Amino acid sequence: MGQLQKVIVVDATADRRHMNAELLTECGLCVIAAESAEDALNYIEEHSSEVAALFTDMTVDRAFDGAILARAVCEAWPEIEVIMTSGAQCAELPRASRFLPKPWDFPHMLTQLEGIIRNSGQSH
């Protein structure tokens, strides 16, 4: 079975992005850390068949935020699961995406991502 298990973590805050990526990697996940929505989208365009999930903060860029990224991914690659996070209320979630309000605990995020990866591995 191919390794379609990559998780893209998008956060404009470098410390938070690196911490989340490092913790997920230590838990056995293959993680790509992206500084911006544009970086994440560029990676997905090149490697969509390897990506199982996108975990993005809602406020990653002023012009191209996490909600726009989530909608683009949900529309173009419906097989990629999207989890959005924010400290603010999320008015509009793209269909087939999940919302994890801040503050969240790491075990809950990990459980969500492991479930996505387990399911993506079974469907491919």
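Computed values, structure above
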quantity	calculated
58, 84 arranged by Cβ crowding within 10 Å, fewest neighbours leading	58, 84
Shape of region 6-123, Cα gyration tensor, a/c cut at 1.5	rounded
From phi via Karplus (6.51, -1.76, 1.60), per-residue ³J(HN,Hα) for region 9-18 in Hz, x at Gly/Pro	10, 10, 7, 6, 7, 4, 4, 5, 4, 5
For region 39-46, 3J(HN,Hα) per residue [Karplus equation, 6.51 cos²θ - 1.76 cosθ + 1.60, θ = phi - 60°, Hz, x = Gly/Pro]	4, 5, 5, 4, 5, 4, 4, 7
Residue order, fewest to most surrounding Cβ atoms within 10 angstrom, among 113, 29, 54	29, 113, 54
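Just so you know, all these numbers are worked out from the coordinates, no wet-lab data involved. Predicted model, so just to flag it, every value in this text is computed and none were measured. For neighbour counting, all protein chains shown are included, and Cβ atoms are generated from backbone atoms with ideal geometry for every residue, glycine included.
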